[in-house]
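One structure below.
The values are calculated or read from the model by the stated rules, or taken from the named source; none is laboratory data. These numbers were taken from a predicted model, which means no experiment stands behind them. For neighbour counting, all protein chains shown are included, and Cβ atoms are generated from backbone atoms with ideal geometry for every residue, glycine included.
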Protein chains: 2
Amino acid sequence: MARAEVLCIGTELLLGDVLDTNSQFLARELALLGIDCFYRVVVGDNPERIKECVRQALGRADIVITSGGLGPTADDLTTECLAGVFNAPMDMDEEVLAFIRELFASRNIKMTESNRKQALRPRGADILPNPVGSAPGIVWQLQKADLDGAGIESSYVSALGRDNPYRVILTFPGVPSELKAMWTETAAPYLARYYPAGTIWSTELKHIGIGESALAEKYAHLLDLPNPTVAPYAGRWECRLRVAAKAASQEEARLLAQPVVDEIRQGSGVTLYGEDDDTLEAVVGRLLTGHGKTLSLAESCTGGLITERLTDMPGSSRFLNCAVVAYSNASKVELLGVDAEVLNKYGAVSEEAALAMAQGMLKLSGSDLALSVTGIAGPEGGTEEKPVGLVYVALCAKGAGVEHYTRKLSLGNRVNRSEVRWRTANQALNMVRLYLLEPAALKV
Amino acid sequence: MARAEVLCIGTELLLGDVLDTNSQFLARELALLGIDCFYRVVVGDNPERIKECVRQALGRADIVITSGGLGPTADDLTTECLAGVFNAPMDMDEEVLAFIRELFASRNIKMTESNRKQALRPRGADILPNPVGSAPGIVWQLQKADLDGAGIESSYVSALGRDNPYRVILTFPGVPSELKAMWTETAAPYLARYYPAGTIWSTELKHIGIGESALAEKYAHLLDLPNPTVAPYAGRWECRLRVAAKAASQEEARLLAQPVVDEIRQGSGVTLYGEDDDTLEAVVGRLLTGHGKTLSLAESCTGGLITERLTDMPGSSRFLNCAVVAYSNASKVELLGVDAEVLNKYGAVSEEAALAMAQGMLKLSGSDLALSVTGIAGPEGGTEEKPVGLVYVALCAKGAGVEHYTRKLSLGNRVNRSEVRWRTANQALNMVRLYLLEPAALKV
C-alpha cells in the first residue's frame, strides 16, 4: 500500500483561529483510496520549519500532501519552500497567469501584482488545476536522485513497484471548498491511477447501555483481527465499535467486514442502537413513525433538550404533538395536573413525581406515549439525600391501566450541568427505544 | 517564550472518523498563556511511531502535550509509550485506582480488569487529575539527564531560565469535555506558574444584528493596528471582533487593549450583546434575573431549542417557569388556547398565530413575558406563499392592554433545518434582550 503524509501549513492553524476541517476530509479520502496515512503535521508560516517538515515527510512517505500557503500574500510560502528544498528555479506558468487574469476580470476585481505569484511553479512540477479559485496547486513527481541531490535520507522502503513515481508532492490551498474541488476533480483520479491499491470500507456500530471497557471485553476476540479491524471508541454517554476492512474494491471490503458486523449485531442485541450517521433521537423518531405511535414530553431538568433533539429532524411532526417544560412546581401542578400532595410528600425529584408528570402529559396530549424527566442538573440544588445528578425518568403508554416504566439515574456530582442533561436525555430516549423494540428489556 | 508541541494520538484522527476539535482548543489556550506552538503532529495508535514522535517533540519543544490514548483498551498506548521512551517502570497509583473504583460504583457500572490500566503511571510522573472521567493524565517533569539517557538529541536551546523544568510532558484523554476540564483546572495553572512568559490578553466582542462585513467596515481603522490587534470573525448568525494585546503581564496587555475595547463598546451600542464566554441566552437570563422578570415560551418550529438554551445555565429556574412546545395545531388550540379560527384564517405560520400563542402562554403561565415562535423549518412544508425559512416571532408583556412586539423572519430556503432553528432562536432571544435593554429598538 502507498503511504501518504499530510502537511497542513498555516500559523492560523497553530493559533487555533480556524478549525481545521481539511484534515478530516483528506483523511477520509485517503482511506477510501486505500492509501495509508501515518502522520499528519501542522506547521506555521515559517520557511525553515516548512522545509524541515517537507524533508521529513519525503523521508517516510510516498505521497506528500500539503494544504495552505498558496495564496498571494507574503506569508504564503508553500510553493517556494518546496522549490527551495530541491534548489529548483521557479517558472512563471503563462497559462495559469492568463487564467488568473481572466478570473479576476470575470469577477470584476482588480488583479494585484501579488496575484502573479500564484502562477509560479518549481521547474519540473505540473499544475494541479483549481476549478473554483485563483490559486492552483502543483503535482510534482520526484525521483530518488532528486531526493539524494537534496540530501534527504529515507529510512522508508516503499512497497510500491517501479511503475510508481518514487515520490510525489501534491499541494492544495487551505480554503476547504477549493481543496475539495481540486481533490475530487484531479488529485483523487491521479492517485487512483498511480496507486491502484485497495480501498477501506468502514462502519461505526453505535451502542448505548454498555461501557467502552465492557464492550471491548465482550468482543476481545475481534480486537486483534488484522482485516477487518475492530476498535472501540468512547462517545458522549454511548460508545462505538468501528469495523474497517481493506480490499481491492468497496464491495469486496464490505463483504470481508460483513461476518464481523453480523456477529456484533447479533451479540449486541438492543445495546446496538444504530450505525454510522444514526443519532439516538433519529432512531427513536424512526421507530415511533414505524410503529405509528405519537410521543409527548414533560421535561423538567432537561429543559426541553429531549424535545429539541427529537424535533431537529425533518418529519418529527409525524410523531411529536407537543411537550411541556415544567420547571416550577406550580407549572407541574397547573399545566400537567400533578397532584400537589405528591410534590409535597415525595418532592419534585422523585419517582412518584416523574410518574405523575408522565401520566398528566399522557392525558393532556392524548398521545400514545408520554415521557417525563425530573432531576437535579446542578451545580446547585443538591442535598445529601438528593444529590446533583439524581434524575427520575418515567414513560407511560396509553391503554388499559396505563402501562408505565420508571428509571432512577445517579449521574454523580462530578458531571457538569450540560452533561447531566445530555446523559439524562440519552437514557430517556433509550427508554422509548427499548419500549418500542423490546419492552421486556425495560423491566430489568 | 516557552515552546510547546502538541501530539494528537489516535488512528481515528488519521482516518478522519472524528473531527479533531481538541487541537483548536489547545492552540488557543497556549496562545493565551503566551506559549509558542510551532508544530502539531497527529499519529496513529502505533507504539513505534508514537515513541518516534515523542522523541522528536522533546527534541524541539519545552512542553509536550499529548491528547488521546489514555483509555482502558489495548489500543490506548500513550502512557506506556512515554514510559518506554525513558525505560521507566509503570507503577500502579493506588489513589487513582480507588478513585476509578468509586467512580464506577457511583455510576453503577461494573469496573473491568482493563480499567486498572488507567491507574498506571511511569515512575517519576505525577497524576494530572481528571475531574469528569475515569482516565487521568500525567505531568512528567524531565531533566536533561533523562533525555540524554534516552538518547534524545535536542538541537533546540530553550530560552527559558533554570527555574523551569528542562522538559515537561502533559497527557490528556481525547474526549473533549475531559481534556477541557483537566486543562482548565490543573494544566493551565501549572503552565502559568512554571512558564510565566509574556502573555496575550484577548477578548471577543460579540455582536448580533450586524453582519461581518458591515462590522469590518465600521471599524476599518482598527483592523491594521499592530498591538492590540482587531480581527472580525463570522459566527453562527452573529459576529465577533477579537481584540488581542501582547505584553509582559495580563494586566499590562489588558490596559493596552482597553481604549480599543472601549471604542467598540461605545460604537456598537445594542448590537454588542456580550463578551468572551457570554452566550446570548446567558445574557438574556442575566437581564431577566436583574429585572426580576419571568419568561415563558410557546415554541413551534424551534421545538424547544430556545427553552433548552435558556435552561442550560444554572439558576434558570429563577426566571423561567415553564414552556410549551406546541407542534400540532391541536396543541396550539388546546394547550395555548389559540382560537382555531385564527389558525384557519391566517394559518399556523402567521403573525396572528404567533401573537395568539404568546398571549395564550402569558395567560397560561402567569409570567411577566411570553415569547412565541411559529415557522417553517424545512426541508419540507414550504409553499410559494410561505416558503421554508419563514418564521414569525412574538413577544408579549403582562400589563394594561398587553404590550406586544412581532417580527417576521425570512431566513431563506438555502439554510438547513438546524440553521433555521438556530437563527430563529437567536433572533427571538435578541427580542427579549432588546425589550429589557432598550424597548425603543424593538419598535423599529
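Remarks
- Just so you know, in the stretch B:285-301 the residues that are within 12 Å of chain A (Cβ to nearest Cβ) and among the aliphatic types (A, V, I, L, M) include one that is farthest from the chain's Cα centre (by Cα), and it is B:A298.
- Residue in the stretch B:149-168 that is touching a residue at least 40 places away in the same chain (Cβ under 8 Å), under 28 Å from A:S418 (Cα atoms) and either within 34 Å of the chain's Cα centre (by Cα) or surrounded by 15 or more Cβ atoms within 10 Å (Cβ to Cβ) (or both) present: no
- Restricting B:A125, B:A145 to residues that are hydrophobic (A, V, I, L, M, F, W, C), in contact with a Phe, Trp or Tyr (Cβ under 9 Å, 6 or more places away or on another chain) and loosely packed, with under 15 Cβ neighbours inside 10 Å narrows the list to B:A145.
- Apart from one condition, B:E380 fits all of (1) touching a residue at least 24 places away in the same chain (Cβ under 8 Å); (2) within 10 Å of chain A (Cβ to nearest Cβ); the exception is (1).
- Pair list, Cβ < 9 Å and 6+ apart or interchain, from the stretch A:195-214 residues that are without any contact (Cβ under 8 Å) to a residue 40 or more places away in the chain to residues that are among the basic types (K, R) and part of a strand (DSSP E or B): A:E212/A:R240
- Within the stretch B:396-412, the presence of a residue that is within 14 Å of chain A (Cβ to nearest Cβ) and farther than 21 Å from B:Y273 by Cα is excluded.
- Residue within the stretch A:208-224 that is within 14 Å of chain B (Cβ to nearest Cβ), among the small types (G, A, S) and within 30 Å of A:N164 (Cα to Cα) present: no
- Residues of the stretch B:235-266 that are surrounded by 13 or more Cβ atoms within 10 Å (Cβ to Cβ) and either under 22 Å from B:N426 (Cα atoms) or among the charged types (D, E, K, R) (or both): B:G235, B:W237, B:E238, B:C239, B:R240, B:L241, B:R242, B:K246, B:E252, B:R254, B:E263, B:I264.
- For the stretch A:1-34, a tally of residues being β-branched (V, I, T) and within 20 Å of the chain's Cα centre (by Cα) returns 3.
- Output for the stretch A:284-318, where each listed residue is in a loop (DSSP other than H, G, I, E, B) and surrounded by fewer than 24 Cβ atoms within 10 Å (Cβ to Cβ): A:G292, A:K293, A:T294, A:D312, A:M313, A:P314, A:G315
- In the stretch B:9-63, the residues that are more than 7 Å from every other protein chain (Cβ to nearest Cβ), in a strand (DSSP E or B) and of a type in the set (D, E, K, R): B:D36
- Test result for A:G69, crowded, with 18+ Cβ neighbours inside 10 Å, touching a strand residue (DSSP E or B) at 6+ places or on another chain (Cβ under 7 Å) and farther than 21 Å from B:Q56 by Cα: yes
- B:E185 vs. criteria more than 24 Å from the chain's Cα centre (by Cα), among the charged types (D, E, K, R) and surrounded by fewer than 19 Cβ atoms within 10 Å (Cβ to Cβ): no
- Residue list for the stretch B:358-375, filter: more than 21 Å from B:V284 (Cα to Cα) and touching a helix residue (DSSP H, G or I) at 6+ places or on another chain (Cβ under 7 Å): B:G375
- For the stretch A:385-444, residues that are touching a residue at least 60 places away in the same chain (Cβ under 8 Å) and of a type in the set (G, A, S) total 3.
- Helices (runs of 4 or more DSSP H) completely within the stretch B:83-187 that count 2 or more residues being under 27 Å from A:R49 (Cβ atoms) and either touching a strand residue (DSSP E or B) at 6+ places or on another chain (Cβ under 9 Å) or of a type in the set (G, A, S) (or both): B:144-149
- Among (1) more than 21 Å from the chain's Cα centre (by Cα); (2) in the same structural domain as B:A428 (by TED's automatic domain parsing); (3) not β-branched (V, I, T), the one test that B:D262 misses: (2)
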